[in-house]
Amino acid sequence: MTTIARIETFLVAPRWLFVRVETGSGIVGWGEATCEGRSETVRAAVHQLAELLVGRDALRIEDHWQVMTKGSFYRGGPILASAVAGLDQALWDIAGKHFGAPVHQLLGGPVRDRVRVYGWVGGDEPAEVRDHIAAQVEAGLTAVKMNASGRMSPVASAAELDGVVARVAAAREVLGDHRDVAVDLHGRFTLANARRLAPLLEPYRPLFIEEPVVPENSHLIGEFVRSTTVPVSTGERLYSRQEFLPVLQAGIAVAQPDLSHAGGITEVRKIAALADVYDVQLAPHCPLGPIALAACLQVGFATPNYLIQEQSLGIHYNRGADVLDYCADKTPLTFVDGHVERLTAPGLGIEIDDAQVRAADKKGHAWRSPVWRHRDGSYAEW
């Protein structure tokens, strides 16, 4: 009996929103509907969408996705897409457990045995960058990603640009030529700044330059792509195939949908297929928790054009809990030579500690994005 009987949500530290879906036969599926800084709003959306699911067959995943995304006259956006994503992940988890197979097997079977992962590194000064990267290398990772800068002036000074270059140079020094560094502009740069910076970074051969402009300026990204030989990536704030199409047409090299924002496994698989038409690789955004990471990996095992996977173990956001803390068994998400080996357990391949999640939800969280300002008092992109 795969009828959906109950849907619950849990707001847990450090900044995550977990979704638990239970069937009448007792199969439990977990999803992650985290929307950083807006998870309480997404929580309300999940419970509203639950009206469409409770009492229905959990295995009709595509039909549920269609109804959840299109069953209201007003559609789209990060809140709805994140709510759908968490529920969609949970339904795939249930399906895998029902059929006794990992989700990647239901998606057509594995195309690889392991997925390469990268970690985030901080540090405002080159010496700090070197230390942080050395720690990631020591942990076995072969790739890292770093923010290009903090607050960035609309027209950057020479010192601001030189500071970015010095930090990336320090990263390359530690990593050598056989490991990779990606540089995240985080939408903090104007197009003019991004175009000035890119040629300065080319000698350090970044794996990719991420989000050179804010997503609402995606119509400008083609200008940036044409200004550099470095692969360009974007997508963590794009929520559907339709939103990805213009940036794919503009010539990006790497698409970065977030499986907790872009409609879950169901939609990201379609984004991946669309990206493949444009010879674009997938590197999903995931500075989130274990369920989101497991969902990403399941897609990665079954998707040919999958480049690398972000993971947030030890990231500075993780105060109060880290990625593996809610896992009953941490071994499936162990890193081996910079990779995660193929998950073989049914569903998403991990087991969540129900009691620990319920206890954490009693404390909850109210994580918010910081608000930055320029020296003149005007708003600055974070």
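Worth a mention:
- Relative frequency of Cα-Cα separations exceeding 23 Å in region 46-205, percent: 59 percent
- Distance from the Cα centroid of region 1-28 to that of region 194-260 is 35 Å (rounded to whole angstrom).
- Rounded if a/c under 1.5, otherwise prolate or oblate - region 340-379, Cα gyration tensor axes: oblate
- Placing R0 at 25 angstrom, the Cβ-Cβ distance between R60 and D276 gives a FRET efficiency of 0.40 after rounding to 0.05.
- As a length-normalised measure over Cα pairs under 8 Å and 6 or more apart, the relative contact order of region 111-213 settles at 27 percent.
- Per residue, the average separation of C-alpha pairs within less than 8 Å and at least 6 apart gives region 1-40 a relative contact order of 38 percent.
- FRET efficiency for the L191 to D162 pair, using the beta carbon distance and R₀ = 22 Å, is estimated at 0.65.
- Those lysines that a straight Cα-Cα span of less than 22 Å connects to K97, excepting residues fewer than 8 apart in one chain: K330
- Rg over Rh for region 1-135 works out to 1.09, using Cα positions for both radii and the Kirkwood form for Rh.
- Each 5 Å bin from zero holds the following percent of Cα-Cα pairs in region 39-90: 4, 21, 36, 26, 10, 2.
- Modelled spin-label separation between V67 and T229, with each label point placed 7 Å from Cα along the Cα-to-Cβ direction: 5.4 nm.
- For region 154-169, 3J(HN,Hα) per residue [Karplus equation, 6.51 cos²θ - 1.76 cosθ + 1.60, θ = phi - 60°, Hz, x = Gly/Pro]: x, 10, 5, 7, 4, 5, 5, 5, 4, x, 4, 4, 5, 6, 5, 4
- Accessible area per residue for region 6-132 is 40 Å², calculated with a 1.4 Å probe on protein heavy atoms, without ligands, DNA or RNA.
- Based on Cα atoms of the chain, Rg over Rh with Rh as the Kirkwood radius reads 0.96.
- In region 251-315, the alpha-carbon atoms span a convex hull of 77 Å³ per residue.
- Residue with peak Gaussian network fluctuation, the chain [Cα springs, cutoff 10 Å], from H98, H178, H285: H178
- Of all accessible heavy-atom area on region 322-382, the percent that carbon and sulfur account for (1.4 Å): 50 percent
- Carbon and sulfur %, accessible surface of region 51-130 computed with the full protein complex present, 1.4 Å: 51 percent
- Per-pair calculated FRET efficiency, R0 = 22 Å: H178 and R112 via Cβ, rounded to 0.05: 0.65
- Of every Cα-Cα pair in region 155-263, the percent that sits beyond 25 Å: 21 percent
- DSSP beta bridge pairing in the chain, given as percent antiparallel to the nearest 5: 50 percent
- Springs between Cα atoms under 10 Å define the GNM used for the chain, and in it the highest mean-square fluctuation of V277, V19, V144 occurs at V277.
- Extension gain for A127 to D354 (0.36 nm times residue separation, less C-alpha to C-alpha distance): 77.6 nm.
- Y204 - accessible surface, heavy atoms, 1.4 Å probe, Å² rounded to 10: 60 Å²
- For the chain, the relative contact order works out to 22 percent when only alpha carbon pairs closer than 8 Å and six or more residues apart are counted.
- Choice from I27, I350, I133 with maximal GNM fluctuation in the chain (Cα, 10 Å cutoff): I27
- Of all accessible heavy-atom area on region 146-282, the percent that carbon and sulfur account for (1.4 Å): 52 percent
- Along region 368-382 the Karplus relation, 6.51 cos²θ - 1.76 cosθ + 1.60 evaluated at θ = phi - 60°, assigns HN-Hα couplings of 9, 5, x, 10, 9, 9, 6, 4, 8, x, 7, 5, 10, 5, 8 Hz to successive residues, with x for each Gly and Pro.
- Share of pairwise Cα separations in region 114-206, more than 20 Å, in percent: 32 percent
- For region 207-366, the percent of C-alpha pairs falling in each 10 Å distance bin, counted from 0 to the bin holding the largest distance, reads 10, 37, 32, 17, 4, 0.
- Computed 3J(HN,Hα) for region 259-269, one whole-Hz value per residue from the Karplus formula 6.51 cos²θ - 1.76 cosθ + 1.60 where θ = phi - 60°, is 5, 9, 10, 9, x, x, 4, 4, 6, 5, 4, glycine and proline marked x.
- Taking the convex hull of Cα positions in region 295-382, its mean projected area over all directions (nm²): 8.9 nm²
The values are calculated or read from the model by the stated rules, or taken from the named source; none is laboratory data. As the structure is a computational prediction, the values presented were derived from the model and not from experiment. Backbone-built Cβ (ideal geometry, glycine too); neighbour counts: all protein chains shown. Only protein heavy atoms, including side chains, enter the accessible area calculation; ligands, DNA and RNA are left aside. Shrake-Rupley method; radii C 1.70, N 1.55, O 1.52, S 1.80 Å.
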